[in-house]
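Encoded as structure tokens, the structure appears first; notes follow it.
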Amino acid sequence: MVAKGKTRKRVPSSVPPRKQRMVCLMSDEEIRIVERYLEKYKITNKARWLRETVLTHIHQQLDDDYPTLFNEHEMRR
């Protein structure tokens, strides 16, 4: 008999295991906002969503802060 349920994706062995924990405290209002967002967009994996959101923001900020040969005003001319 085959069990009908969610199937897990196997993580490739090339992906290092996550061993570090990061804790973030939120207010009741912040939790309600996050829960509403996750429900609206049907996001089921909260940890992955949070990791991707934070790391995407950090990556974008680092790209924006990266030094360039010309400043923005000179490039728009």
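What to note about this one:
- Within region 20-38, considering residues that are closer than 14 Å to residue 51 by Cβ and assigned to a loop (DSSP other than H, G, I, E, B), the one most open to solvent (accessible area, probe 1.4 Å): 21
- Qualifying residue in region 4-14 (condition: under 17 Å from the mean Cα position of the chain (by Cα) and either part of a helix (DSSP H, G or I) or free of Cβ contacts under 8 Å to residues at least 12 places away in the same chain (or both)): no
- Selection status of residue 43, β-branched (Val, Ile, Thr), surrounded by 10 or more Cβ atoms within 10 Å (Cβ to Cβ) and part of a helix (DSSP H, G or I): no
- Residues (among the β-branched types (Val, Ile, Thr) and open to solvent by 90 Å² or more (accessible area, probe 1.4 Å)) located in region 57-67: none
- Residue 53 passes every criterion in (1) in contact with a helix residue (DSSP H, G or I) (Cβ under 9 Å, 6 or more places away or on another chain); (2) among the hydroxyl-bearing types (Ser, Thr, Tyr); (3) open to solvent by less than 90 Å² (accessible area, probe 1.4 Å) apart from (1).
The values are calculated or read from the model by the stated rules, or taken from the named source; none is laboratory data. This one's a predicted model, so the numbers in the text were calculated from it and none came from an experiment. Heads up, the Cβs are rebuilt from the backbone with ideal geometry, glycines too, and the neighbour counts pull from every protein chain shown. Areas reflect the complete protein model, heavy atoms only, side chains present, ligands, DNA and RNA absent. Shrake-Rupley method; radii C 1.70, N 1.55, O 1.52, S 1.80 Å.
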